[in-house]
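Asks: Below is a structure I'd like to ask you about.
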Amino acid sequence: MSDQPKEGNGNEQRDKSRQSSEEQEPGPSSTPGASGTRRGSSPVDKLQGFVTNLLSKLTVSSPKPKVLESNDIDGIVSFIQSEKCKNIIVMAGAGISTSAGIPDFRSPSTGLYANIMRKYQLPDPQVMFEIGFFKKNPEPFFSLAKELFPEEMNPTPSHHFVRLLHNKGFLLRHYTQNIDGLERLAGIPGGKIVEAHGSFHTAHCMSSSCRKEHSFDWMKEKIFSETLPKCTQCDTLVKPDVVFFGENLPARFFDCMSKDFPECDLLIIMGTSLVVQPFSHLVEKVPDDCPRVLINREIVGTVDENRFIGFLEKLGAHSDFDLGTAPHMFARGMNFKSERNRDIAILGDCDDGVRKLAKALGWEQEFEKLCSGQGQKSTNQANA
Ligand SMILES: [Zn+2]
């Protein structure tokens, strides 16, 4: 990786007044059988008593304060405009690039996959992204790359919104699952971007003794001319720095993650189904009072409440604790119905969502200027 994590973002004065309310983990209780729990001799009775006791303790504590004033865009806007909001982390998936004409690279839903599978007689489209297969048979991957990449790639309004967050001094880091490199084209500095699944931005010779880096433009020319990319120094195959199945995520992902998420004041999640690990777990790594905004076509990343309630019902537990809050003590995830107003969803296309947000923040003019292509080239040099 050529980019080193940058320290801080110029907002070094953290909000010291923020309460750090640690989530209470369920742990062994020293007083089993309290709170009127029936004592029983069977393991199920004991477990039931333990769970009932634990939950009654947890719900005695006073309810957590509201995070946002209201459960809508106005709530987000007044939070961003408040002293509390200094560091924003964005997490993005394929949904922010669809309006650029780039389908989700790894979801074999398009006809292109079928054509390539037939042409190369592949048993399964996933093999194209397996490193072992690629080393022996790279043509299908490059063939797919050619089909999927539009000749002209332009960042979407969603990318420009992230760039605007950077311009305003809010962007702590942008975590993307996308490998299209559109964040860089939008002028977001490389140091602010974590490409969790790598990207096409750079490519390296696969020979361990060479490892020569090759540029995106060089790789693009090879892909579009249907020439296998061979190292200009040693003639070994050159692979884009995209994370294949069977390869580790970039070290930068883990380095930045552990530093960034405890510092996050606002998390914005855009265009991702939050199903790919470990990316999907990141939503749980922010502080407990950090609001989370989901801009997506549908609700994702919620707590599986039904599963937990089903578990209690199986135990035959009967108590008066609040089932609405109890599951969050156990399974963390987002909860868009909570009265804490912590998790807010702006449903629909990402581009529409960020446009609404930019307008509500009074940033409309600057946002539209970036979208029209003016003023976005200025920091492109910083990406090299
Ligand atoms: Zn080489």
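Throughout, read-outs are computed from the coordinates displayed, never taken from laboratory work. If you're wondering where the values come from, they're calculated on a predicted model, not measured in any experiment. Cβ placement follows ideal geometry from the backbone for every residue including glycine, while neighbour counts extend to all protein chains displayed.
Asks: May I ask which of Lys84/Lys337; Lys168/Lys359; Lys119/Lys146; Lys192/Lys220; Lys146/Lys220; Lys136/Lys230 have a Cα-Cα span longer than 18 Å here? Write out the running numbers ahead of the final one.
Replies: On the way: Lys84/Lys337 23 Å; Lys168/Lys359 15 Å; Lys119/Lys146 14 Å; Lys192/Lys220 24 Å; Lys146/Lys220 9 Å; Lys136/Lys230 14 Å.
Distance filter (> 18 Å) returns Lys84/Lys337; Lys192/Lys220.
Asks: ³J(HN,Hα) across the stretch 148-164 via Karplus (A = 6.51, B = -1.76, C = 1.60, θ = phi - 60°), whole Hz, x for Gly/Pro?
Replies: Along the stretch 148-164, the couplings run 7, 7, x, 4, 10, 10, 10, x, 9, x, 4, 5, 5, 5, 5, 4, 5 Hz.
Asks: Can you give the extra length, in nm with one decimal, that the chain gains between Glu368 and Ser209 once fully stretched, where that is 0.36 nm per residue apart less the Cα-Cα distance?
Replies: Stretched fully, the Glu368-Ser209 segment lengthens by 52.5 nm.
Asks: Once label points are set 7 Å from the Cα along Cα→Cβ at both Glu130 and Cys234, what is their separation, rounded to one decimal in nm?
Replies: It works out to 2.6 nm between the two label points.
Asks: For the pair Glu284 and Glu221, what calculated FRET efficiency results from E = 1/(1 + (r/R0)^6), where r is the Cβ-Cβ distance and R0 = 35 Å, to the nearest 0.05?
Replies: Working from the Cβ atoms, E equals 0.25.
Asks: Tell me which residues come under 5 Å, amide H to amide H, from Val194 once H is placed; ignore anything under 5 positions away on its chain.
Replies: Here His174, Tyr175, Thr176 satisfy the definition.
Asks: Whole-Hz Karplus ³J(HN,Hα) for the stretch 83-92, in order, using 6.51 cos²θ - 1.76 cosθ + 1.60 and θ = phi - 60°, x for Gly and Pro?
Replies: After applying 6.51 cos²θ - 1.76 cosθ + 1.60, I find 5, 5, 9, 10, 10, 10, 10, 10, 10, 10 Hz.
Asks: Ile346's amide H: which non-local residues (gap 5+, or another chain) put their own amide H closer than 5 Å, with H modeled 1.01 Å from N in plane and none for Pro or chain starts?
Replies: Residues meeting the criterion, in which the H sits 1.01 Å from N, are Leu294, Ile295, Asn296.
Asks: What nm distance separates the two modelled labels at Phe254 and Tyr120, each placed 7 Å from Cα along Cα→Cβ?
Replies: The modelled label-to-label distance comes out at 2.9 nm.
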